[in-house]
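These notes concern the structure reproduced below.
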Amino acid sequence: MADKRFRVAICGAGVGGMVCALALARDPSIEVELYEATSRFGEIGAGIGIWPRTWKILEQLHVAEDLVCVLPAPPAHDTEAIALTMRRSDKPEGHDFHKLKIKGSLVVLHRADFHRVLLKHLPPQCKTHLSKRLLRYSQDNSGSIHLQFNDGSTAICDVLVGADGLKSAVRATLLDLEAQAARVRGDAQAAGFLESCIVPKWSGEVSYRTLVPAIKLREKVPNHRALTHNIQYIGRGGYIVAYPISKGETVNFVAFRTSHELKGTEFNGPWVTNVSAQEFQAGFDGWEAEVTQLLQCAEKGMRWAIHEVKPLQSFVSGRVALIGDAAHAMTPNQGSGAGQAIEDAYILATVLGNPLTSIDAIPEALTIYDTIRRPFAQDIAERSFSNGLLFSFDRDNYESEFPDEESKRNKLKELRSSVTEQWKWAWSTTLDGAVAEANERLQKAHAGN
Ligand SMILES: Cc1cc2nc3c(=O)[nH]c(=O)nc-3n(C[C@H](O)[C@H](O)[C@H](O)COP(=O)(O)OP(=O)(O)OC[C@H]3O[C@@H](n4cnc5c(N)ncnc54)[C@H](O)[C@@H]3O)c2cc1C
């Protein structure tokens, strides 16, 4: 530790934790240890979409070049292209609803490929520990943070990054400690709010995920759109996303059923479970042929009850920071949870990696991370939920409210521009702005000290 500025412990080796470790380990003056609850590094068998701004981070960390090898074609940079074709599909005669054009590409990957490449790039100086499930942490008077794991072992660090996902133990401890402090101050209302953010809330959405062998779909429908395009079939009460991954050998398939009126209620059943194909086919009777053909090729898969973390008042406390789902688990209707985890990791590594951040200045640096990232990530979470309403036609009862053709056409126009508006961030350049802002704020804070 003699030649190190400070020690960072990252709990959780999902996409957020891995990118954080990679980004921090570029700085030899920071000691990085990564603790993962499971007994091996890995990801679930499913696809993932990465938007251009997030892709830029992967380029800057030099992992993009290895990811390109598993893509059918290198991603476009500055040219405008159709990222996603949306069809209205809940009737036998489906029709194109909207083509989402963005500057750059929506890169779609197999999660396992993505995780393998991240692992490959993790430098040896970043120490990794498997089968280490964090139970709780505490902080002593010197500021050091003590970690307690479920195998009885302990560890010490100067900064703790909670990258431990939806059911984060770091978030639970952070909020519990803050709530205790609020009670000591006599602020029962603040304590109650903090405690209410510990357990995630059901969004009213359920997703079904599986991978379809492309060969199987091709045999059935040789020119099925999902073999070559990112496609979204939308309709009342649910929607389906399908796109080719692993050089086109596999089609990623996710179906959503929505009951938004149940948002905030308790989900009745396990949050993640294996299900039969019949279960995901059930809600899509009467949808267009392309959807039925895809559903017929889907074998068993997994059902995920989509939960969200209530918007937190802060992602940080003292020397502890939350990133990714631990901070802002959101619905997947904008394909952005992992992207936001990556962006959190990158901005957090920017503020910690800045040479002005001495061990004493860590809380200040984390506050800057929070100021920059929280409004942005929470805005995306909100837009993502609102996209879910839009894609399942829950936002307006549009069939009955817009009975004649002209009013329907006008409404559709409005919905399309709303979709484009919702996704605008995907090709915005705020990432460079965020990095510059982080460094500038640190400079100012330092000059003021
Ligand atoms: C159906 C669906 C589709 C999606 N599609 C997309 C998409 O296309 N694009 C996109 O950007 N996002 C997408 N997302 C969201 C994305 O999957 C998540 O936001 C992302 O995986 C969050 O990453 P994370 O690293 O924060 O958490 P996780 O990936 O959940 O990783 C957390 C890690 O922490 C470990 N852990 C948990 N508890 C502990 C503990 N106590 N101690 C130590 N380790 C612990 C876990 O084992 C895990 O490895 C989708 C989500 C769903 C459900």
| Nonlocal amide H pairs with Ile30, under 5 Å, H built at 1.01 Å | Arg5
| request: Measure off, as a whole percent, the carbon and sulfur share of the 1.4 Å-probe accessible area of segment 173-270, all protein chains present. | output: 54
| note | With -39,500 (n - 2.57) per DSSP H segment of 4 or more residues and division by the full residue count of the chain, the 222 nm estimate, nearest 500 deg cm²/dmol, is -12000 deg cm²/dmol
| For segment 114-194, accessible area per residue (1.4 Å probe, heavy atoms of protein chains only), Å² | 50
| Say the cut-off is 24 Å between C-alpha atoms; which of Lys56/Lys101; Lys216/Lys247; Lys91/Lys263; Lys56/Lys247 go over it? | Lys91/Lys263
| said: Leaving out ligands, DNA and RNA, and with a 1.4 Å probe, what % of the accessible surface on segment 1-142 is carbon or sulfur? | reply: 53
| field | D_trans [Stokes-Einstein, Kirkwood Rh over alpha-carbon pairs] for the chain, 4 °C, 1.567 mPa s, µm² s⁻¹ | value | 56
| request: Order Tyr369, Tyr346, most accessible first, counting only protein heavy atoms with a 1.4 angstrom probe. | output: Tyr346, Tyr369
| said: Using alpha carbons only, how many angstrom separate the centre of segment 17-42 from the centre of segment 174-239? | reply: 25
| request: Note the angle between two axes, namely the Cα long axis of helix 362-391 and the longest principal axis of the Cα atoms of the chain, as a number of degrees from 0 to 90, rounded to the nearest 10. | output: 10
| remark: HN-Hα couplings for segment 148-154 via Karplus (6.51, -1.76, 1.60; θ = phi - 60°), in whole Hz with x for Gly/Pro, come out as 10, 9, 6, 8, x, 7, 9
| field | 1.4 Å probe accessible area per residue over segment 234-356, in Å² | value | 35
| message | If Rh is defined by the Kirkwood formula over all Cα pairs and Rg also comes from Cα, what ratio Rg/Rh do you get for segment 164-259? | response | 1.29
| So between Ser131 and Glu382, what do we pick up on full extension, going 0.36 nm a residue minus the alpha carbon distance? | 87.0 nm
| message | Give me P(r) over segment 51-173, computed from all C-alpha to C-alpha distances, binned every 5 Å, as integer percentages. | response | 2, 8, 13, 13, 12, 12, 12, 10, 8, 6, 3, 1, 0, 0
| said: Taking θ = phi - 60°, what integer Hz values does the Karplus form 6.51 cos²θ - 1.76 cosθ + 1.60 yield along segment 434-440, in sequence order, with x for Gly and Pro? | reply: 5, 5, 4, 4, 4, 5, 5
| Can you list the HN-Hα couplings for segment 47-60, worked out from phi with the Karplus curve (6.51, -1.76, 1.60; θ = phi - 60°), rounded to whole Hz and with x for Gly and Pro? | x, 8, x, 10, 7, x, 5, 5, 4, 4, 5, 5, 5, 5
| query | Is segment 4-79 rounded, prolate or oblate when judged by the Cα gyration tensor, a ≥ b ≥ c being the square roots of its eigenvalues, rounded requiring a/c under 1.5 and prolate requiring a/b larger than b/c? | reply | oblate
| request: Quick one: which residues, 5 or more positions from Arg136 or on another chain, have an amide H under 5 Å from its amide H? H modelled 1.01 Å from N in the peptide plane, none for Pro or chain starts. | output: Gln148
| field | Pairwise centroid distance, computed over Cα atoms, of segment 76-145 with segment 363-380, Å | value | 19
| request: Could you look at segment 302-342 and say what percent of its accessible area is carbon and sulfur, using a 1.4 Å probe and all protein chains? | output: 56
| task | Based on a Kirkwood Rh over C-alpha pairs, give the Stokes-Einstein translational diffusion coefficient of segment 340-387 at 10 °C and viscosity 1.306 mPa s in µm²/s. | result | 138
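The values are calculated or read from the model by the stated rules, or taken from the named source; none is laboratory data. Every value quoted in this text rests on a predicted model; they were computed, and no experiment measured them. The accessibility values were calculated without ligands, DNA or RNA, using every heavy atom of the protein model including side chains. Shrake-Rupley method; radii C 1.70, N 1.55, O 1.52, S 1.80 Å.
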